[in-house]
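In what follows, a single structure is set out as structure tokens and then discussed.
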Amino acid sequence: MNVTAGQVLNGSASLSANGILPERIIHAMFAAGEIAADEAPVSGQVQPASLDLRLGKVAYRVRASFLPGPHIRVADRLEQLKLHTVDLASGAVLETGCVYIVPLQESLALAADISATANPKSSTGRLDVFTRVITDNGLAFDTVPAGYSGPLYAEISPLTFPILVRTGSRLSQIRFRRGQSLIPDVELEQVHKDHTLMSGGNQRIGGGVQLSIDLEGDGPGKLIGYRAKQHSGLIDVDVVGAQDPLDFWEPIYRRQTAELILDPDAFYILVSQEAVHVPPAYAAEMVPFDPLVGEFRVHYAGFFDPGFGHASAGGIGSRAVLEVRSHDVPFIVEHGQTIGRLVYEHMAERPERLYGEGIGSNYQGQALKLSKHFRSPDHTASG
């Protein structure tokens, strides 16, 4: 008889009855048929508190982004909106400015008390690939209601760089939760006292841990960020360390004043002042600070697994990389300006492995860092 995720949780000495489901429970969901796929999970696909989602065999170029709405299947909307079909078996280029819908290999049959949230993977966000997960009958992107049973689809729209993808490429990740897991500020203050969730920078809690932007770096003339080049080459999303960053990015160096003018519709990689820490019993997600503080969007990719920035997992000094895009008008951001926040959630139980513990974690201990597709830059100053 198959054992469900709920039965596994109820029979364990978990840290919390409710919370984000760890790697062990995700494997149990595969075994119970609550997560189904054409193939078994591959190495590294299941992370401490999330599951990478794999692209299926085809992509559909569509006229526009959409949500299906109540009682409507994604497949039915595709019949109305698709322009042509792209075979992904041998790899295919997804062009900038186009919208594609890709059936994912994973489908769900969730228990009535299990919901899920999706997000682009960190590497996807740092390439400025706008990616969202859609469900049948969906009313919101990247949101899977409790008890959902059906397929999953990825909406993919490369905004800056054309990308090469194939069946099995992993651009999105999904996190499962049981019940209410969000930690309110009053409790978060105590968690910070016990575990030091942030160090350096402004160190403020309000709607989660507030993060501010670092535009000082190591001093005048030093690297503080990157601005994406237009009309660049192609990036294979499955190849690590193959690209020269200067072919795709313009380094940004600190001037005498620690501020930066964001050009409309340009894409930037910047970094937080604060080093952040996600203790083993918690998970975190980056969310916008406040849409009213400026004409820009921050951080397309948002999951922080348990152990990010944790000392025993080699994460001391890990900072949050900020993916920033300005809208409509030029906008000045200044050093120390609050630009995002980390909301924390309880884990249902402590994961057996932490982020950075021998699982191919690319961003543990990071400072300012491009996606894993680029070689380490050898430039440190504008001269």
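Quick one: accessible area per residue over the chain, 1.4 Å probe, rounded to a whole number of Å²?
41
Determine the gain in length on full extension of the stretch ALA109-ASP328; use 0.36 nm per residue of separation and subtract their C-alpha separation, reporting nm with one decimal.
Result: 74.7 nm gained on full extension.
So what does log10 I(q)/I(0) come out to for segment 180-265 at q = 0.11, 0.22 Å⁻¹, using the Debye formula with one equal point on every Cα and no solvent?
-0.57, -1.00
Would you check the chain for Lys pairs whose C-alpha atoms are within less than 23 Å, ignoring same-chain pairs closer than 8 in sequence, and give me the count?
Eligible lysine pairs with Cα atoms under 23 Å apart amount to 9.
Based on the inverse mean of 1/r over its pairs of different Cα atoms, what is the Kirkwood hydrodynamic radius of segment 10-79, in Å?
About 15.3 Å for segment 10-79.
Evaluate segment 47-198: find the radius of gyration of its Cα atoms, find its Kirkwood radius, and give the ratio Rg to Rh.
The Rg/Rh ratio comes out at 1.03.
Set the Förster distance to 22 Å, then compute FRET efficiency between VAL86 and ALA31 from the Cβ-Cβ distance, nearest 0.05.
E(calc), rounded to 0.05, equals 0.10.
Taking all protein chains in place and a 1.4 Å probe, what share, in percent, of the accessible surface of the chain do carbon and sulfur account for?
The computed percentage sits at 49.
Jot down the radius of gyration and Dmax of the chain, Cα atoms only, both in angstrom.
Looking at the chain, its Cα Rg and Dmax stand at 20.4, 67 Å.
Along the Cα→Cβ direction, 7 angstrom out, place labels at ALA40 and LYS229. What is the inter-label distance in nm?
Those two pseudo-labels are separated by 4.4 nm.
Using the Karplus curve 6.51 cos²θ - 1.76 cosθ + 1.60 with θ = phi - 60°, what ³J(HN,Hα) values do you get for each residue of segment 237-246, in whole Hz, with x for Gly and Pro?
5, 9, 10, 9, x, 9, 9, 7, x, 6
Taking a point 7 angstrom from the Cα of LEU139 along the C-beta vector, which residues in segment 53-68 have backbone N less than 20 Å away?
It comes to 66-68, nothing else.
Over the Cα atoms of segment 120-198, each weighted equally, I'd like the Debye log10 I(q)/I(0) at q = 0.12, 0.16, 0.23, 0.24 Å⁻¹, rounded to two decimals.
Values returned for q = 0.12, 0.16, 0.23, 0.24 Å⁻¹ are -0.54, -0.81, -1.06, -1.10.
The values are calculated or read from the model by the stated rules, or taken from the named source; none is laboratory data. Computed from a prediction, not measured in an experiment: that's the story for all the values here. Glycine gets a Cβ as well: all are built from the backbone with ideal geometry, and neighbour counts include every protein chain shown. Only protein heavy atoms, including side chains, enter the accessible area calculation; ligands, DNA and RNA are left aside. Shrake-Rupley method; radii C 1.70, N 1.55, O 1.52, S 1.80 Å.
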